[in-house]
Amino acid sequence: MSVNLTLPSEQDASDLTVFLERAAKLGCEHVRLIGVGTVLAAYVGVLVPSGLLDTAPTVLGLRVFERGDSVTVDAVVTIRGMLDRLARPELTFALPVAESGIAWAGVSAPRGGWESVGAVSASELEAIARAGIDEIAGSNGLGTIIVTRARRDVWGRPISSDPAMTQFVAGAAFAAFGLGFLGEDEPLLTRSAKWMRLTTARGHILVR
């Protein structure tokens, strides 16, 4: 059975489009949409383990949007399918067919219990992201295995030696930069259970 989604305005549709386009440029193929009340949470897996034995961190991007209906939704759909629908003028449309077996989408961060562990400047995060991009670009042409290892090593590095922040890896800076979450406000870092969260006025990055 198809599920319809209603967005309140063309601006909301445009904001969701930009978010999904940026996620697609980072290599994301799916988006998990969770709708409760008039709130729509959109999650994308920017960096995810490649299998059960992969110890690489999980880095998710999250943006919260308003919606014009209140039907409960929890579905994983393709970003391409969503962009096709958002390209049309209608603000109410059927979601793409939900997909199963997307491992990262089955992992949910806590909704509460977040405690502050500090802050980090947007300029520092951008510098970390750009340096990592350049380092990985330098491994191109050396083979798929080498590039894959470089990505895992670069984005898996802690951005701080502070014991409270070692779980917060460079991949979070890459996700925040690539998704357009870095602005003039100071990103806040919080922790809950096994998760860390980077929050700005434009969205959240979740790391486990």
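Output the number of the condition that GLN167 fails; it satisfies all remaining conditions of (1) closer than 17 Å to VAL46 by Cα; (2) at pLDDT 90 or above.
Only one criterion in (1) closer than 17 Å to VAL46 by Cα; (2) at pLDDT 90 or above is unmet by GLN167, namely (2).
Test each condition in (1) of a type in the set (Val, Ile, Thr); (2) without any contact (Cβ under 8 Å) to a residue 60 or more places away in the chain; (3) under 23 Å from GLY180 (Cα atoms); (4) in the same structural domain as ALA24 (by TED's automatic domain parsing) for THR72 and report the one that comes out false.
Going through (1) of a type in the set (Val, Ile, Thr); (2) without any contact (Cβ under 8 Å) to a residue 60 or more places away in the chain; (3) under 23 Å from GLY180 (Cα atoms); (4) in the same structural domain as ALA24 (by TED's automatic domain parsing) one by one, THR72 breaks only (3).
I need the full set of residues from the range 102-126 which are among the hydroxyl-bearing types (Ser, Thr, Tyr) and more than 22 Å from VAL44 (Cβ to Cβ), in order please.
Scanning the range 102-126 gives SER116, SER121, SER123.
Using beta carbons and a limit of 7 Å, which pairs, at least six apart or on different chains, have the first residue in the range 117-137 and more than 16 Å from GLY183 (Cβ to Cβ) and the second one in a strand (DSSP E or B)?
VAL117/LEU189; VAL117/THR190; VAL117/ARG191; GLY118/LEU189
Quick check on VAL3: is it in contact with a Leu (Cβ under 6 Å, 6 or more places away or on another chain) and among the β-branched types (Val, Ile, Thr)?
Taking the combined requirement at face value, the residue satisfies it.
Just give me the residues in the range 7-38 being modelled with pLDDT of 95 or more and β-branched (Val, Ile, Thr), in sequence order.
THR17, VAL18, VAL31, ILE34, listed by residue number.
Test PRO49 against the stated conditions and say whether it is surrounded by 13 or more Cβ atoms within 10 Å (Cβ to Cβ), more than 30 Å from ARG149 (Cβ to Cβ) and either hydrophobic (A, V, I, L, M, F, W, C) or out of contact with any Leu (no Cβ under 6 Å at 6 or more places or on another chain) (or both).
no
Scan the range 21-74 for residues that are assigned to a loop (DSSP other than H, G, I, E, B) and more than 20 Å from GLY171 (Cα to Cα) and jot them down.
Hits for the range 21-74 are GLY37, THR38, ARG67, GLY68, ASP69, SER70, VAL71, THR72.
Among the residues of the range 171-194, are any under 21 Å from PRO49 (Cβ atoms), of a type in the set (D, E, K, R) and in contact with a Phe, Trp or Tyr (Cβ under 8 Å, 6 or more places away or on another chain)?
yes
Among (1) part of a helix (DSSP H, G or I); (2) surrounded by 12 or more Cβ atoms within 10 Å (Cβ to Cβ), which single condition is GLN11 missing?
Of everything listed in (1) part of a helix (DSSP H, G or I); (2) surrounded by 12 or more Cβ atoms within 10 Å (Cβ to Cβ), GLN11 misses just condition (2).
Looking at THR78 and the list (1) modelled with pLDDT of 95 or more; (2) under 14 Å from THR6 (Cβ atoms), which single condition is not satisfied?
Against the list (1) modelled with pLDDT of 95 or more; (2) under 14 Å from THR6 (Cβ atoms), THR78 comes up short only on (2).
The values are calculated or read from the model by the stated rules, or taken from the named source; none is laboratory data. This one's a predicted model, so the numbers in the text were calculated from it and none came from an experiment. We place every Cβ from the backbone using ideal geometry, glycine too, and count neighbours over all the protein chains shown.
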